[in-house]
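Let me begin by presenting the structure, written as structure tokens, before commenting on it.
The values are calculated or read from the model by the stated rules, or taken from the named source; none is laboratory data. A quick note: this is a predicted structure, and the numbers were derived from the prediction, not measured. Glycine also receives a Cβ, built like all others from the backbone with ideal geometry; neighbour counts cover every protein chain displayed.
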Amino acid sequence: MKTKTICAALLCALLCLVSCSRQTAPAGDSQEIPFQVAQRYFFKQGQPLPENPKIISREAFDRLFGMAAVMGPDGRPTAIDFEKQFAVAVVWQVTDRSTEIEPISVTRVGDKLQYRYRVTEGEPQSFQMQPLSIILIDRQYVDLPVDLVQTK
């Protein structure tokens, strides 16, 4: 008798878990969106931090960012074609700590894009930096608002 009661309780618990997970994340409600990481750019000194992470034109991008080319075959900044792509930028305040903003994913959730990223803060440095991350997304999603989600 006890075994039947325990099995029934476990079955109910399992059914509750399955039904709850289906309610919070229905199939087909979210879609992974491919993106490209833009490298070799810096945030221009004296510019206010962007209020909206989405940058849809070359003019707006050039107002905020400069190119940081270095020697070597991979030293050129990532080319951005604003007719085919738009940029999403996460820019932090100036800091003296080694800080990296790592893109994790871009997901379409309903009528929004959700950009997940991770921030890793390291040791103090003898100089200051302004951490940033710029990703490029296909222009077909340009009309969707972007939500930034920092993960741990």
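Can you find, within the stretch 46-66, the residue that is surrounded by the most Cβ atoms within 10 Å (Cβ to Cβ) among those that are at pLDDT below 95 and on the phi < 0 side of the Ramachandran plot?
Among those that are at pLDDT below 95 and on the phi < 0 side of the Ramachandran plot, it is Pro50.
Of the conditions (1) within 26 Å of Gly46 (Cα to Cα); (2) among the acidic types (Asp, Glu); (3) within 19 Å of the chain's Cα centre (by Cα); (4) assigned to a loop (DSSP other than H, G, I, E, B), Asp81 fails just one. Which one is it?
Failing condition for Asp81: (3).
Counting only residues that are closer than 15 Å to Gln36 by Cβ, touching an Asp or Glu at 6+ places or on another chain (Cβ under 9 Å) and of a type in the set (A, V, I, L, M), how many does the stretch 103-152 have?
Total meeting the criteria: 3.
Sort out which residues of the stretch 103-152 are loosely packed, with under 13 Cβ neighbours inside 10 Å and small (Gly, Ala, Ser), and write them in order of number.
Once the filter is applied, which keeps residues that are loosely packed, with under 13 Cβ neighbours inside 10 Å and small (Gly, Ala, Ser), the stretch 103-152 yields Gly110, Gly122, Ser126.
Which members of the stretch 89-99 meet the condition of being exposed (fewer than 13 other Cβ atoms within 10 Å of the Cβ) and either under 23 Å from Glu51 (Cβ atoms) or without any contact (Cβ under 8 Å) to a residue 24 or more places away in the chain (or both)?
Those that are exposed (fewer than 13 other Cβ atoms within 10 Å of the Cβ) and either under 23 Å from Glu51 (Cβ atoms) or without any contact (Cβ under 8 Å) to a residue 24 or more places away in the chain (or both): Gln93, Val94.
When you check Gln93 against the structure, is it closer than 21 Å to Phe43 by Cβ and modelled with pLDDT under 95, yes or no? So that I can check it myself, show each step before the final result.
Details: closer than 21 Å to Phe43 by Cβ: yes; modelled with pLDDT under 95: yes.
Judged against the criteria, Gln93 is a match.
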